[in-house]
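Structure record follows, encoded as structure tokens.
The values are calculated or read from the model by the stated rules, or taken from the named source; none is laboratory data. Everything numeric in this text was worked out from a predicted model, so none of it was measured. In this analysis, Cβ positions are derived from the backbone assuming ideal geometry, glycine residues included, and neighbour counts consider all displayed protein chains.
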Amino acid sequence: MLKIAYHPIYNHPLPEGHRFPMIKYELLPKQLLHEGTCTQENFFEPEIPNDKYIVAVHDPEYFYDLLNIKISTREARKIGFPLNEVLVERERIIADGTMKACEFAIQNGVAMNIAGGTHHAYTGHGEAFCMLNDQAIGARYLQAQNLAKKILIIDLDVHQGNGTTEIFQNDDSVFTFSMHGEGNYPFKKEQSDLDIALKKGTGDEEYLNILKRTLPQLIDTVQPDFIFYLSGVDVIDSDKLGTLSLTLNGAKKRDEIVLNTCYKLRIPVQCSMGGGYSPDIKTIVEAHANTYRLAQDIFF
Ligand SMILES: [Zn+2]
């Protein structure tokens with residue numbers, strides 16, 4: 001069965017006036033239930049994880065500063081919103097959702113987190129709405145439990161996974177692959193194990209051809225026993241932040257390529273949602289829902 005991490009805290013509102021769309025975290029599970037892609041049984045509720053899993057990735061000093069809401073105004077500005085206890089709790093719960101989804105992925109081939117994909121969180125600081133890096137925490141968790149040795153992170157959010165890349169820059173056991181908009185944030189990019197920077201306006205055909213060419217070779221070279229997939233939908237044309245021009249259907253094809261490859265090669269895959277900033281919330285929810293529909297079709 002497709003297991004999906006979801007907790008009501010995912011939709012906790014941001015401080016007044018903030019435009020980051022949290023409502024998708026409420027609408028996406030509703031849509032999946034409404035259309036029958038999932039039933040309540042598919043969902044599980046993550047909890048606050050043991051701190052040891054978080055400090056296996058993040059500097060303890062940074063993490064405890066977050067917990068105690070002690071970070072400086074400058075650091076908070078980098079994250080993008082004023083910090084409070086609930087928002088930090090939310091990130092810890094999201095990280096737990098990803099860790100548990102990793103275990104479900106090993107059992108069932110694939111598992112998802114309705115939130116997560118906080119790939120701009122570095123070892124020692126947060127950036128761009130990201131405080132704790134859920135998939136990095138998931139990767140270290142799997143290795144600590146001896147559930148995976150060699151891990152591949154496929155980050156197809158339109159923004160480069162700079163935090164993830166920094167976390168694993170000296171770690172040969174985790175390969176970071178990021179395909180992103182060249183002109184998108186972060187403007188100073190980190191060096192992933194493999195970066196593909198795409199020109200403004202790159203559309204379905206070119207994007208999908210590059211992915212189809214790259215992915216099989218990459219998996220053949222890396223030989224991962226676990227894959228993380230960051231399926232951000234800010235690659236689509238209508239996105240307010242993304243510089244790429246995929247159609248809704250192109251984004252679905254992208255997910256299909258990744259999920260099909262994992263399925264055929266029997267490599268467990270955990271998906272976190274990442275970004276999506278189209279002006280119409282329906283487009284965002286539809287694009288994310290496609291990832292779940294495909295997971296159901298391909299794996300179950
Ligand atoms: Zn993004």
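Figures for the structure shown
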| quantity | calculated |
| --- | --- |
| Contacts under 9 angstrom Cβ, first residue in region 31-53 being farther than 16 Å from Glu91 by Cβ and at pLDDT 95 or above, partner loosely packed, with under 13 Cβ neighbours inside 10 Å and hydroxyl-bearing (Ser, Thr, Tyr), 6 or more apart | Leu33/Thr39 |
| Thr243 vs. criteria more than 13 Å from the ligand (Cβ to nearest atom), in contact (Cβ under 8 Å) with a residue 24 or more places away in the chain and more than 16 Å from the chain's Cα centre (by Cα) | no |
| Where a residue in region 272-291 is at negative phi and touching a residue at least 60 places away in the same chain (Cβ under 8 Å) and its partner, wherever it lies, is among the polar types (S, T, N, Q) and part of a helix (DSSP H, G or I), with Cβ under 7 Å and at least six apart | Ser272/Thr98; Ser272/Gln135; Val285/Gln31; Ala289/Gln31 |
| Which listed residue is part of a helix (DSSP H, G or I), surrounded by fewer than 16 Cβ atoms within 10 Å (Cβ to Cβ) and touching a residue at least 40 places away in the same chain (Cβ under 8 Å), from Glu103, Glu61 | Glu61 |
| Candidate set: region 115-139, residues that are more than 16 Å from the ligand (Cβ to nearest atom) and in contact with a strand residue (DSSP E or B) (Cβ under 7 Å, 6 or more places away or on another chain); chosen: the one nearest to Ser272 (Cα to Cα) | Gly138 |
| Residue match in region 169-186 (condition: aromatic (Phe, Trp, Tyr), touching an Asp or Glu at 6+ places or on another chain (Cβ under 7 Å) and either under 23 Å from Ala128 (Cα atoms) or surrounded by 18 or more Cβ atoms within 10 Å (Cβ to Cβ) (or both)) | yes |
| Only listed residue being more than 25 Å from Arg74 (Cβ to Cβ), in contact (Cβ under 8 Å) with a residue 40 or more places away in the chain and surrounded by fewer than 24 Cβ atoms within 10 Å (Cβ to Cβ), chosen from Ala115, Ala111, Ala144 | Ala144 |
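One line per residue, one yes/no per condition, for (1) of a type outside the set (S, T, N, Q); (2) farther than 23 Å from Ala139 by Cα:
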position	(1), (2)
Pro29	yes, yes
Gln40	no, yes
Phe44	yes, no
Asn50	no, no
Glu61	yes, no
Ser72	no, yes
Glu75	yes, yes
Pro82	yes, yes
Arg92	yes, no
